[in-house]
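Q: Following this message is one structure expressed as structure tokens.
The values are calculated or read from the model by the stated rules, or taken from the named source; none is laboratory data. What you see is a predicted model, and the numbers here were worked out from it, not measured in a lab. Cβ: placed from backbone, ideal geometry, glycine included. Neighbour counts: every protein chain shown. With ligands, DNA and RNA removed, areas are computed over all heavy atoms of the protein, side chains included. Shrake-Rupley method; radii C 1.70, N 1.55, O 1.52, S 1.80 Å.
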Amino acid sequence: IYQDRKGFLWFGTYEGLSRFDGYGLVNYDRRDGLPHVFINHITEDRQGRLWVATNGGGVARLVEHSRENGGAKFVSFNIREPNDPLVKRTNYVNRMVFDARGNLWCLTDSGLYRAAVEDSQLQFEAIIEMITNDSFVALEDADGRLWFGIGNELVEFRGSEIIHHGSIDGASNSTLITGIARDRGGRLLVADASRVSEFVPPSPGKPRGEWRQQLALPSKQIGSIRTLLVDDAGALWLGADIGLLKYADGKLSRYTAANGVPAGSVRTLATDRAGNLWFGTGGGVC
């Protein structure tokens with residue numbers, strides 16, 4: 001779920017891309033130039049152009065004047081050519097980040113790749129290559145540092161420096177990282193399937209950062225944590241296999257079917273300019 005600069009809300013689904021103007025939906029699929037209808041992520045670049053990450057077709061950019069593109073509303077780019085046997089899942093793009101230097105970072109099922117946006121052909125270079133089928137987490141913080149959850153490992157990019165912080169608590173059996181966010185106090189919060197922890201980067205002279213557990217959840221009651229978000233009021237929201245959770249002022253609240261939440265996991269969270277919380281489920285968007 002993403003709200004663009006014009007105020008439109010965009011929803012990525014298993015069957016294409018949808019735009020909501022507050023009154024109705026406009027849907028896009030292959031007939032509009034999308035290279036794949038399974039949409040994993042939506043964001044804008046520094047120029048305000050809308051991009052989508054697809055699950056098998058690389059990335060695509062919305063074209064405002066489709067006549068210049070043979071009538072198609074999107075122009076698409078592969079991370080690697082689909083016939084390359086060494087990178088079969090590279091075009092399964094899970095997250096995108098546009099940094100302050102004009103680079104597009106793509107977290108894929110085959111690792112992390114980067115391209116300069118001003119390059120009209122988008123020639124991607126491999127930054128980290130590894131099979132990371134369920135890596136869906138990326139964040140650019142206010143200091144311009146990039147954070148990625150690659151498998152169960154937290155990776156930081158500080159300028160040209162790559163820092164591997166390892167898994168939560170340094171445990172070898174740690175599960176996949178499912179969310180990263182900064183709270184109002186500047187703390188970096190990192191979630192895996194069953195807990196939310198704060199990561200404190202290492203101070204000068206120390207080799208490792210410090211993990212501080214903030215919240216542990218009973219997996220039998222909620223399943224796994226799928227995503228997290230910190231809202232403008234400072235509350236922490238968690239999307240889980242069974243419903244939606246809110247953590248504020250030391251209190252955990254749970255929203256389920258009894259509160260009108262559709263059945264199925266809550267996989268994505270977003271707030272709009274009016275401060276409303278939107279979340280996507282297997283039963284639609286709320």
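Q: Considering only protein heavy atoms, what is the solvent-accessible area of Phe157 at a probe of 1.4 Å, reported in Å² to the nearest 10?
A: Using a 1.4 Å probe on the heavy atoms, I get roughly 10 Å².
Q: What does the charge count near Trp10 come to, summing +1 for each Lys or Arg and -1 for each Asp or Glu among other residues with Cβ under 10 Å from its Cβ?
A: -1
Q: Go through Tyr92, Tyr28 and list them by solvent-accessible area, largest first, probe radius 1.4 Å.
A: Accessible-area ranking of Tyr92, Tyr28, largest first: Tyr92, Tyr28.
Q: Another question, if that's okay. Which percent of Cα-Cα pairs in the stretch 243-286 sits in each 10 Å bin, short to long?
A: Spelled out per bin, shortest first, that is 26, 53, 21.
Q: If the cut-off is 20 Å between C-alpha atoms, which lysines fall inside it for Lys73, apart from same-chain ones fewer than 8 positions away?
A: Within reach: Lys6.
Q: Ok, one more. What are the semi-axes of the equivalent ellipsoid for the chain, taken as the square roots of 5 times the Cα gyration tensor eigenvalues, largest first, in whole Å?
A: Semi-axis lengths for the chain are 29, 25, 17 Å.
Q: Here's a follow-up. Per residue, how large is the accessible surface of the chain? Use a 1.4 angstrom probe and give square angstrom.
A: Using a 1.4 Å probe on heavy atoms only, each residue of the chain averages 51 Å².
Q: Using the eigenvalues of the Cα gyration tensor, what equivalent ellipsoid semi-axes result for the stretch 102-141 when each is taken as the square root of five times the eigenvalue, whole Å, largest first?
A: 19, 13, 7
Q: At a probe size of 1.4 Å, how large is the accessible area of Ile177, to the nearest 10 Å²?
A: 0 Å²
Q: Then there's this: Hey, in the GNM for the chain with a 10 angstrom Cα cutoff, which one of Lys206, Lys220, Lys73 fluctuates hardest?
A: Residue with maximal mean-square fluctuation among Lys206, Lys220, Lys73: Lys206.
Q: Right, here's the next one. For the chain, with all protein chains present and a 1.4 Å probe, just round the carbon and sulfur fraction of the accessible area to a whole percent.
A: 46 percent
Q: Where does the stretch 91-231 land on Rg/Rh, using Cα atoms and the Kirkwood Rh?
A: Using Cα coordinates only, the ratio equals 0.97.
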